[in-house]
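Just below is one structure, and these are the notes that go with it.
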Amino acid sequence: MSARQPKPPWLRRRLPATGQEPMVSRTLENLSLHTVCQEAHCPNQMECYGHGTATFLLLGPNCTRGCTFCTVGKHKVAKPDPQEPANVAQAVKEMGLEFCVITMVTRDDMPDGGAEHVARTIQAVRELNPDTGIEVLISDLGGDPAALEKVLEARPEVLNHNIETIPRLYPTVRPQADFERSIELLARSARYSPRPVTKSGLMVGLGEKKEEVLATLDRLREAGCDLLTVGQYLAPSDKHHPVIRYVPPEEFEEYKIEAEKKGFKGAASGPFVRSSYQAGDLWQAAVKPSA
């Protein structure tokens, strides 16, 4: 299936009202911050900006890996901006966020994969915004347990690491990543004390089979993963991995039901769902007392 093939009706949506988008854009520009919303061409960008939120992207707009699904830049990476943690904290304050999501590009060029920078950002946000919940969506940090511990020591409410796809497709979709390494990162996070809420997400439409998706959900639960997101892969260009299939909404609903049956505390599954979409609501689903 070509990336240019017309999208089905359920993937067509009207742009929302402007809302708080000008404020968000102005704040990000004034503080020289990047967002994954912009860099990854997220289809929910205008909706989230309109609601006054965004997902902050640390360590620059360029990544050291060549995942075939991702549109984040692959050019020369820059040195970390020492002001970035404080600037993210200030943006959270100006935007009045009750829950914020902070993600990062993969930085295999850095000894700790950028973990110290992420930890400093969590600390800066918490110092300036003590009542704001924090989710960090991290890379695999090269499989370094000490680097992961740096992030966990900063005590984010949610530790998110996306599995992205089923194991069989890793060589073509995530050639520099390793499925078992990602599973181990989630398992280590779930064993850490004090334990964060753990979260992961995957895309469908890359060529996976339904039974492979369900088997991957089992592996995530075995690793202690609490929250799940499942969304439709949309190819950024003809140079990226093609969309093999547009998954219908009813199949996404099946994944949500199956995830809840398997014991996930919260699951968001739908064509436009992304890893940070309505993240605060999903976090609340994980921490609310059981009935």
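The values are calculated or read from the model by the stated rules, or taken from the named source; none is laboratory data. The structure displayed is predicted, hence computed values, not measured ones. Quick reminder, even Gly has a Cβ in these numbers, built from the backbone with ideal geometry, and neighbours come from all protein chains shown. These area figures cover heavy atoms from the full protein model, side chains too; ligands, DNA and RNA do not enter into them. Shrake-Rupley method; radii C 1.70, N 1.55, O 1.52, S 1.80 Å.
Summary table below
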{"item": "Globularity index of segment 137-217, i.e. its alpha-carbon radius of gyration over 2.2 N^0.38 Å", "result": "1.12"}
{"item": "FRET efficiency estimate (nearest 0.05) - Cβ-Cβ, residue 168 to residue 193, R0 30 angstrom", "result": "0.30"}
{"item": "Stokes-Einstein D (µm²/s) once Rh is taken as the Kirkwood radius of segment 158-275 over alpha-carbon pairs, at 25 °C in 0.890 mPa s", "result": "171 µm²/s"}
{"item": "Rounded percent of accessible protein surface that carbon and sulfur make up, segment 67-177, 1.4 Å probe", "result": "50 percent"}
{"item": "Residue with peak Gaussian network fluctuation, the chain [Cα springs, cutoff 10 Å], from 137, 185, 169", "result": "169"}
{"item": "Share of carbon and sulfur in the accessible heavy-atom surface of segment 185-291 [1.4 Å probe, %]", "result": "51 percent"}
{"item": "Convex hull (Cα only) mean projected area of segment 88-157, reported in nm² to one decimal", "result": "4.2 nm²"}
{"item": "Most fluctuating residue given options 49, 170, 192, as computed from a GNM of the chain linking Cα atoms under 10 Å", "result": "192"}
{"item": "Kirkwood-Stokes translational diffusion coefficient of segment 230-291, alpha-carbon pairs, 25 °C, 0.890 mPa s, µm²/s", "result": "187 µm²/s"}
{"item": "Area accessible to solvent at residue 10, 1.4 Å probe radius, in Å²", "result": "90 Å²"}
{"item": "Surface/4 estimate of mean projected area, convex hull on alpha-carbon atoms of the chain, nm²", "result": "14.4 nm²"}
{"item": "Over 30 Å between alpha carbons, listed pairs 79/265; 209/262; 209/265; 209/288; 76/150", "result": "79/265; 209/288"}
{"item": "Pairwise label distance in nanometres, residue 176 with residue 109, each label 7 Å out on the Cα-Cβ vector", "result": "1.0 nm"}
{"item": "Where segment 114-252 is the region considered: accessible area per residue in Å², 1.4 Å probe", "result": "38 Å²"}
{"item": "With all protein chains modelled, accessible area of residue 277 [1.4 Å, Å²]", "result": "40 Å²"}
